[in-house]
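First the structure, in the form of structure tokens, and then the observations on it.
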Amino acid sequence: MDFNTGKEIIDAGFSRPHDPGCHTEQSRNTGGIVQNAVSKSVLLSLGQKLRSRRKALGLTLEQVAHATALTAGFISLVERDLATPSIASVSALAAALSASMGEFLDSPPGPETLTRADRRQVYAVATGGMRYERLSNVFEGSTLRSVIVHEPPGHRSEPVSHPGEELIYVVSGALTVELEGDVTILRAGDSIHFSSRRTHATWNHTTETAAVLWCGTMDIFGEGEATSPLTGGTFS
């Protein structure tokens, strides 16, 4: 249960607890109890699954890094379960590896047309990281994905670049957004809209959790069809 929102938190991945001194795409445990609701085998962690898939395709860390705009060093940390990626980074990695998100994480089911604040499920890639509330539904022709992101203090995401566009609106707190070296501080009520092909990252530079409305075209739930930039394979 998230004691700030009263919502149950679902752990969508199998990453181990992390060094509390490192904040790259991970954060300190905020005290919430995370329930693991994943039905897939727990024999392999998220990192092990990513590494196994990459090895099966005969790809190097550098090739995957080039395709995702993530660094080879960060991907190596993820594969060794020493860093927790955001769902956007997992989506980028899955696409590069010609795999669906469902092969690595269990995303929450799409809601109905309407969502209620007190009924939305809160989920996370791993304990103590960013928490997400899914807002968007999926239907024929839909391309928009939307979540409320709860970004903990000190959390800094890994710079990433990918096709599409996204909009960030700060609901509460404050957030630093970096776009290809340009740094902007967003406070409650501020927003930014940009092409996702521009290398971007966020950082919660404050001592309070920031709540952010994120809308974008990246398939962070793994429900659409995509083509790998490395293998050219189409998957869904």
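What to note about this one:
- In region 66-79 there is no residue matching the filter, namely being part of a helix (DSSP H, G or I), within 22 Å of L167 (Cα to Cα), among the aliphatic types (A, V, I, L, M) and within 16 Å of the chain's Cα centre (by Cα).
- Among the conditions (1) without any contact (Cβ under 8 Å) to a residue 12 or more places away in the chain; (2) crowded, with 16+ Cβ neighbours inside 10 Å, S142 misses just one, which is (2).
- Among residues of region 164-191, those that are touching a residue at least 40 places away in the same chain (Cβ under 8 Å) and either under 27 Å from A96 (Cβ atoms) or of a type outside the set (A, V, I, L, M) (or both), counted: 6
- A92 being surrounded by 24 or more Cβ atoms within 10 Å (Cβ to Cβ), part of a loop (DSSP other than H, G, I, E, B), modelled with pLDDT under 90 and among the hydrophobic types (A, V, I, L, M, F, W, C): no
- In region 111-122, the residues that are within 19 Å of F139 (Cβ to Cβ) form Cβ pairs under 7 Å with partners that are in a loop (DSSP other than H, G, I, E, B), at six or more places apart or across chains, as follows: P111/N137; E112/N137; T113/N137; T115/L135; R120/K7.
- Where C215 falls short, out of the listed (1) of a type outside the set (A, V, I, L, M); (2) free of Cβ contacts under 8 Å to residues at least 24 places away in the same chain; (3) not in a loop (DSSP other than H, G, I, E, B): (2)
- Evaluating E166 against the criteria (1) at pLDDT below 90; (2) over 13 Å from the mean Cα position of the chain (by Cα); (3) among the charged types (D, E, K, R); (4) buried (at least 18 other Cβ atoms within 10 Å of the Cβ) leaves one unmet condition, (1).
The values are calculated or read from the model by the stated rules, or taken from the named source; none is laboratory data. Because the structure is predicted, anything quoted here is derived from the model rather than measured. Counting neighbours? That spans all protein chains shown, and the Cβs are built from the backbone with ideal geometry, glycine included.
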